[in-house]
1. Under the condition of being surrounded by fewer than 17 Cβ atoms within 10 Å (Cβ to Cβ) and in a strand (DSSP E or B), which residue from the stretch 87-112 is modelled with the lowest pLDDT?
2. Name the pairs: first residue in the stretch 67-85 and at positive phi, second residue surrounded by fewer than 20 Cβ atoms within 10 Å (Cβ to Cβ) and in a helix (DSSP H, G or I), Cβ to Cβ under 8 Å, at least 6 apart or on different chains?
3. If a residue must be in contact with a strand residue (DSSP E or B) (Cβ under 7 Å, 6 or more places away or on another chain) and farther than 13 Å from residue 230 by Cα, how many such residues does the stretch 180-198 contain?
4. Determine which single condition residue 40 fails, assuming it passes every other condition in (1) out of contact with any helix residue (DSSP H, G or I) (no Cβ under 9 Å at 6 or more places or on another chain); (2) over 18 Å from residue 241 (Cβ atoms); (3) not in a strand (DSSP E or B).
5. Report the residue count in the stretch 173-213 for those that are under 18 Å from the mean Cα position of the chain (by Cα), within 25 Å of residue 129 (Cα to Cα) and in contact (Cβ under 8 Å) with a residue 40 or more places away in the chain.
6. Failed condition for residue 2, given (1) closer than 24 Å to residue 155 by Cβ; (2) surrounded by 18 or more Cβ atoms within 10 Å (Cβ to Cβ); (3) at pLDDT 95 or above, with all others met?
């Protein structure tokens with residue numbers, strides 16, 4: 001089972017219930033799903049990031065958006081959707097796979113993401129790669145996932161916790177029988193849950209470009225999840241799973257976020273496309 005990481009009572013976030021929840025932009029650059037009926041998720045894209053993830057039907061959104069925050073820890077904080085230049089394309093025309101390239105306008109770094117729905121589970125997968133020509137800058141750069149769940153068509157009354165499952169570091173979000181798990185391979189380095197507009201990760205990082213908060217629980221509100229990607233790596237695979245129980249969503253997120261960039265080749269094979277070419281990051 002997914003359990004809270006600490007044996008002590010969780011450190012609860014401040015600022016409940018958060019600001020009034022709002023949906024993201026209606027203009028979309030992409031929509032995706034999987035070919036197999038055992039996958040019950042659909043997703044949308046705009047401004048270089050994931051927007052709504054629908055589950056278990058196409059009329060029920062459960063997320064607002066998920067983006068990356070980028071900082072050098074001392075002089076700037078960039079939001080993917082607001083501060084970077086965006087490109088979207090299909091690396092394989094016959095596969096339900098998107099390639100997003102988000103670039104720093106000054107040319108100091110870029111982020112390449114491949115997004116698809118798992119063909120056999122209700123999971124959205126996002127492979128992330130960071131490229132920075134300046135070795136000194138690359139050593140300073142840190143990436144953070146900022147995730148806004150809106151379970152059951154709404155941002156209010158969502159509850160989120162930091163948890164562990166099979167030794168892996170996950171998040172668990174729940175509302176009225178719908179459950180979402182967020183995980184990564186390699187594991188997240190640091191995690192926090194908070195209330196949007198008060199104790200969320202964007203406000204934390206904006207203060208001093210450092211992640212100072214590590215709250216373990218934020219219940220019944222407009223919540224936000226924040227996680228630091230392992231800075232010793234250049235590539236990560238993020239898994240977002242939905243289910244009817246904490247166990248089912250955690251199992252799916254755990255199992256589908258383990259294999260790094262190889263999930264793209266596996267997905268192409270499952271979709272009937274021979275994975276003959278390497279992942280293109282040029």
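The values are calculated or read from the model by the stated rules, or taken from the named source; none is laboratory data. Small disclaimer: the values here were computed from a predicted structure and weren't measured. Virtual Cβ from ideal backbone geometry, glycine too; neighbours counted across all protein chains shown.
1. Top of the filtered list is 89.
2. 73/140
3. Final tally of qualifying residues: 8.
4. (2) is the only condition that residue 40 fails.
5. The total comes to 17.
6. In the conditions (1) closer than 24 Å to residue 155 by Cβ; (2) surrounded by 18 or more Cβ atoms within 10 Å (Cβ to Cβ); (3) at pLDDT 95 or above, residue 2 misses (3) alone.
Residue-by-condition table, conditions (1) over 18 Å from the mean Cα position of the chain (by Cα); (2) crowded, with 22+ Cβ neighbours inside 10 Å:
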site: 32; (1), (2): no, no
site: 35; (1), (2): yes, no
site: 46; (1), (2): no, no
site: 57; (1), (2): yes, no
site: 69; (1), (2): no, yes
site: 74; (1), (2): yes, no
